[in-house]
Amino acid sequence: MRKVTLKGLLAHKLRLALTALAIVLGVTFISGTFVLTDTLQNTFTVLFGNIYAKVDYQVRGAAQLGTGADATRNPLPESVLATVRGVPGVQAAEGEVTGFAQFVARDGKAISTGGAPTLAVAFDPDSQISPLHLVAGGPPTAPDDVVMDAGTAQKYGFGVGQTVRILSAAGPPRTFAITGITEFGTANNLAGATLAAFTLPTAQALAQVPGKLDAINVVAAPGADKAAVQRAIARVLPPGAEVVTGQTIADENTSSINQALSFFSTALLVFAFISLFVGAFTIYNTFSIIVGQRTRELALLRIVGASRRQVFGSVLAEAAITGLVSSVIGLGLGVLAALGLQALLRGFGVTLPPGSLVFEPRTVLVGLAVGVGVTVVSAIGPARGAVRIPPVAALDDRQSRASAPLRRRLIWGTIVALAGAVLLGLGLAKPAIQLVGIGAAALFIGVATLSPAIARPLSSVIGRPLPRLLGVAGKLGRENSMRSPRRTAQTAAALMVGLALVSAMAVFGASLSKSATSSADQAISADLIVTATGSGELSNSVPATVSAVPGVIATSAFYGGRFEFGSTLTSLVGVSTDHLADTVILRMTAGSPAALDRGELLIDSTTATSKHLSVGDTERARFTRTGPTTLRIGGIYQANALIGSYLVSAAFFGAHYSPRPPDGLLLRTAGAAANSAVAKAVASYPNLQVQTRAQFEQAQVSSVNQLLGLVYALLGLAVIIALIGIVNTLMLSVFERTREIGLLRAVGMRRRQVRAMVRSEAVILAIFGAIVGIVIGTALGLALVASLRQQGITDTAVPVTSLLVFLLLSALLGLVAASWPARRAARLDVLAAIAAE
């Protein structure tokens, strides 16, 4: 049977090539994701390891909120530095300060990092400790000196001796002299972040922590007992401070980076598995058709002594070999995919530290297991069909037309679809992403199982205009689609899954956009919103500058920070209350906004319901700066994504947080002239944007559309695989109907008509899959929106125009998919085709 299996593969290599391509694409996506994330994790591990290899210990504030590198900590008094230096066994100790500083390019625009931080740090002159390595010039010595990272200097053409404007939170933009160019460890920057290094007093002033340090890095004297030194340091530290090893700091930073990368990796893997799931339908359909076409061959094997088990194993062996070869090719292409993803990130402005690609054994094992596993599992159904072929079919292959009763198919399809719907509902309600994925997969399988019941009538309706448009060719294409409803449904199933996911995202995106727009209308009555772009921050001087502009009637500043409410770490918004009614809309359901001035907390209705809170209740809270306290609920307002779930006054916020600039300003103005005057007043701050409420709403919509564009691009792979399935089915159909096509040509059908017949069949397949997919996807999107109503998606929108565009594009893609099979059918030799069996 092994020889039979290999000969079967070689005999049907063209039929299996497109099936293999579906697996190749899916495994390429998976392996590329693993290679990229493993490379990034290794690069950052090595980078942080090299940086903190010089540091034996770090003294820092104890974690108040959160853990590890993401924890919020209080700064240390600068006096602790002298204390640590005096500990026996300490050779060197230097203070560390980090804040915000953004360079301004020569063209007057703020230098953007694509989301990476724009850091202000204190330059550490001690090369034993400092992660900074000067490659040109010298350290900063005067208050107006700065050292720039090499990446920014190279990209924007700065050099030693030149000047650069720098934006900070401490005041108006200042001009600094560049005294040196530095690398961060062995990289020219820290993963795309810009780095401005100053003298310690200047860094403290810019970070608004005069007399404070974020941390102290320590090196032990040669030969000292490091454990004893660490204990000695711990004994002299003030309350609220701790000492940890440099390796602990490196591990925490690496863990934080890896955690962030895990979300990125998971998102890409989800789309990869979606592509493989779609490919499974193509594989199932291909093997089903191949088994049907090999009825006589398989029956002859049974006559000459092959057992049912051997026939079953032969079909699965073909699938396994196909999956193995495809997976190996996909693994090889995964390296190129990783390079492509790196280039994509660079295109979005994300600069990554240099590092060689990492190809872990896990990548090979997962790629092979998934590729071979999906192929074999998808071929089990067709293999079972091959076992049921009776030996008598060797004499008359009409036996192959028999199939399982439709009634049993409908029963099982209904059960699977209902089970999927229940799991999907439970997953959306919890929420639990695993249940959502399993439920959606079961729902798609159930609908694909049920769809033959509607394939014939729906194909008839879809194809009804074709005879009038294409004549006999259109009529034959319609009848071919109706003749085998199961094949039509199976072929369209892959496209159905792809279009269902695209449609669900379209409904979700439209609802999210509408909710963002209505949230802005319901939350903000201000005429202008002033915020920083990208990773920038406002300056402390901006509120006074804006308020002094003629025509500005009211100004409200809003702030954001983390705090612990009950036992949950969450976000808190503070807003100035002087002109609150002129800039912010609070739709109160209980209590009054006046409670803010009494130092009380306002919460949204969703939080009140979930935590069973009402006006007058108290709840434990914890802040980084002031520690634990008790907050009284002073009011409840309607849920709003822009305001957030927890609101306090700016005065209360300032009492519990370290000094910081506002996150943004809300302005009520006297008209367009005042709006223009505000824009001119902040022109010296190139990292600020001044938006009307309409512009702010449009920016929210654009952000949603950008995210949807990325999702559509990733789902596009699944749609491509679905189109491969259509091409594959049509090619197999042409092979199967060789004699029929030859007879049609013999009685006068032209090549153009043959091509039209095949293309019309493809259009019916594509539209059928699109209609079913759009209907299911719309329902999924509506369910998703309903489950997120408490998270701020308050409006539901069905983008009818977009869904119609998807339907039209499906028809066009069906035409494209039919091009090759149609040409192949038209080029068949008439006499050879008539003589074919």
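The values are calculated or read from the model by the stated rules, or taken from the named source; none is laboratory data. Given the structure is predicted, the values throughout are model-derived calculations rather than measurements. Here the Cβ positions follow ideal geometry from the backbone for every residue, glycine too, while neighbour counts run over all protein chains shown. Ligands, DNA and RNA are stripped out before the accessible areas are found, and what is left, the full protein with its side chains, is counted by its heavy atoms. Shrake-Rupley method; radii C 1.70, N 1.55, O 1.52, S 1.80 Å.
The table below lists the values:
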item: Evaluated at q = 0.07, 0.08, 0.11 Å⁻¹: base-10 log I(q)/I(0), Debye formula over Cα of the chain; result: -0.71, -0.87, -1.26
item: Unit charges on C-beta of K, R, D, E only; dipole of the chain, Debye; result: 5180 debye
item: C-alpha long axis of helix 246-293 to longest principal axis of the chain, angle in °; result: 10 degrees
item: Residue-span extension gain [Q91 to L804] - 0.36 nm each, minus C-alpha spacing; result: 249.5 nm
item: Peptide ranges 259-266, 148-155, 820-827 listed from the most packed, as the mean C-beta count within 10 angstrom indicates; result: 148-155, 820-827, 259-266
item: Centre separation in Å (Cα based) which lies between region 269-301 and region 445-505; result: 19 Å
item: 19 Å cut-off, amide nitrogen to a point 7 angstrom out along D582 Cα→Cβ, residues in region 519-551; result: 523-531, 542-551
item: Highest to lowest packing among 782-788, 562-568, scored as the average C-beta count within 10 Å; result: 782-788, 562-568
item: Listed peptides 94-100, 495-501, 168-174 by packing density, highest first (mean Cβ within 10 Å); result: 495-501, 94-100, 168-174
item: Two-site FRET efficiency, K109 against A590, from Cβ-Cβ distance with R₀ of 51 Å, rounded to 0.05; result: 0.60
item: Using θ = phi - 60° and Karplus 6.51 cos²θ - 1.76 cosθ + 1.60, couplings along region 494-503 (whole Hz; Gly, Pro as x); result: 4, 5, 4, 5, x, 5, 5, 5, 4, 5
item: Label-to-label distance, nm, for residues given as V160 and A62 (7 Å Cα→Cβ offset); result: 4.6 nm
item: Degrees separating the helix 433-450 axis from the principal Cα axis of the chain, which is the longest one; result: 20 degrees
item: Residue-by-residue Karplus 3J(HN,Hα) for region 357-362, coefficients 6.51, -1.76, 1.60, Hz, glycine and proline x; result: 5, 10, 10, 6, x, 4
item: Ranking by accessible area, most exposed first, for E479, E761 with a 1.4 Å probe; result: E479, E761
item: Calculated from backbone phi, Karplus (6.51, -1.76, 1.60) coupling profile of region 469-482 in Hz, x at Gly/Pro; result: 7, 10, x, 4, 4, x, 5, 5, x, 5, 5, 4, 5, 6
item: Distance from region 628-644 to region 72-91 (C-alpha centre basis), Å; result: 39 Å
item: Cβ-Cβ FRET estimate between L710 and T266, R0 fixed at 22 Å, reported to 0.05; result: 0.90
item: Principal-axis tilt of helix 406-429 within the chain, Cα atoms, nearest 10 degrees; result: 0 degrees
item: Amide H within-cut-off set for T245, under 5 Å, with H built and near neighbours excluded; result: Q58
item: Calculated FRET value between L743 and V377, using beta carbons and R₀ = 51 Å, to 0.05; result: 0.85
item: Ranking by accessible area, most exposed first, for K680, K54, K475 with a 1.4 Å probe; result: K680, K475, K54
item: Rounded accessible area of H612 (nearest 10 Å², 1.4 Å probe); result: 150 Å²
item: Helix-only CD estimate at 222 nm, as mean residue ellipticity for the chain, using -39500 (n - 2.57) per DSSP H run (n ≥ 4); result: -19000 deg cm²/dmol
